[in-house]
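Visitor: What follows is a structure written as structure tokens; I'll ask about it next.
Every number in this text was worked out from the coordinates using simple rules, so none of it is lab data. The shown structure was predicted, so the numbers you read here are calculated from the model rather than taken from an experiment. Glycine gets a Cβ as well: all are built from the backbone with ideal geometry, and neighbour counts include every protein chain shown.
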């Protein structure tokens, strides 16, 4: 199937050459595609508008680096995928942690070998499914999204988390001492 | 599934009522409080390990595309980068089952984008498609019809383009220039401003900031007076411009004291770049630099951030021995804080809000240490 208008190579070249009207046509044409994409990914949330705008900015800023004017779709697709990754990365920042945000990252980067060994031991108690859920959560996915990714329900995912917590309580007691030591 | 503990473990966000219910539960079960603190510690460790395994998430995107039917979207350079990272990423996938699911999700996302693109191509010119219901990931495997909200499309493109045009000083060419927002704090008081990207600014004692809140927020703020910024990490740097200098950060917390004559920056966490008079210095956590108007920034020097940032009203500890923590708490609250001898050398880090009570702080510290908090004769105690 051919590219939807107005993404023909001539329009891309004109936009790269500084034709503001051509550039606006490209961005306006991309907007509904991006809207459909992001709604599919995160639902109809206010964040969709930000995601669209950030992606359009990526395209706008990088347009002149696009060597092949026929590859706008590939270019926009990667911009949208990168934007989704940034969304996940920014979701659960330090503000979410119960206690001080700095302790764990800084200390674990220092190479706390004992803590690492103990964390492995704690994590090894988990089933692969539970570990996958905890990692996806840490990566930035919401439980509803995780449920869809692993063909489960949100309630079942949350129950797995609760079970994991119950299972790891004792081992975690040793872990924190090492982390803070 | 409705008990406070399960909500604390599994809710994306806790409501005020949820927090209160959890607080009441933890008050009756101190052991549970410790267990939750340890759980939070483990979550942080998992996050750190994922970051260590895949420090650049873009490479994971390139890898996901390169191992799917969407590989042709990669340029030659991107294919080379994906190939170079392949062994390392595949080792990470073996160690982290979650990452494997992330790669699959990225590949599905590429399919969704492709479907949206093709739906746009199939649409008749001038067609006004209906708004679609939110779709799920499970539903994105087959091609989806593209959603359309054309009445707003120009507005978003306008905002997006405007942000760039602002940077290019072409304001007059764009009529939808977002308005400036100004926030000020009354002398002697504080005001907190939340930016659209999740970052915040605490304005202290007649401080003032100016920024453009419009979409997208360009993460650029002009500041005068004493302002403490907590910056949400994003790809786009967050910039604070003052009369004397510019601070550029990706995600961190720092205090700025800016007058017409000079700007001082004290960094609480992370890393920032301070530029003035064409020269730049990089500050790491616990460092301070000062730039007078027209002069380059001073060499970073280590400072006691709890002292230097006392004007924020926040309470800072950075790798601080518990013995020192107890002394500071006693000085601040005028009550005795006793730490068991076996814990006095333990080091902790933390930032507490100015309205946090001594009891809350001591309980949090005790939980972090895996210790117990108690009150005896008005003195707060932390013991193993």
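Visitor: Could you work out, residue by residue across B:226-238, how many beta carbons of other chains sit within 10 Å of that residue's beta carbon, and then give the average as an integer?
Guide: Taking all residues of B:226-238 together, the mean is 2.
Visitor: So how do A:158, A:78 line up by other beta-carbon neighbours within 10 Å, fewest first?
Guide: A:158, A:78
Visitor: What is the average number of partner chain Cβ atoms found within 10 Å of a Cβ in A:54-61?
Guide: What the average comes to for A:54-61 is 5.
Visitor: Treat the count of other C-beta atoms within 10 Å as a stand-in for reagent exposure and order A:154, A:145, B:17 from fewest to most.
Guide: Sorted ascending by nearby Cβ count, the order is B:17, A:154, A:145.
Visitor: Which whole number gives the average count of other chain Cβ atoms within 10 Å of the Cβ atoms across peptide A:149-158?
Guide: That average works out to 3.
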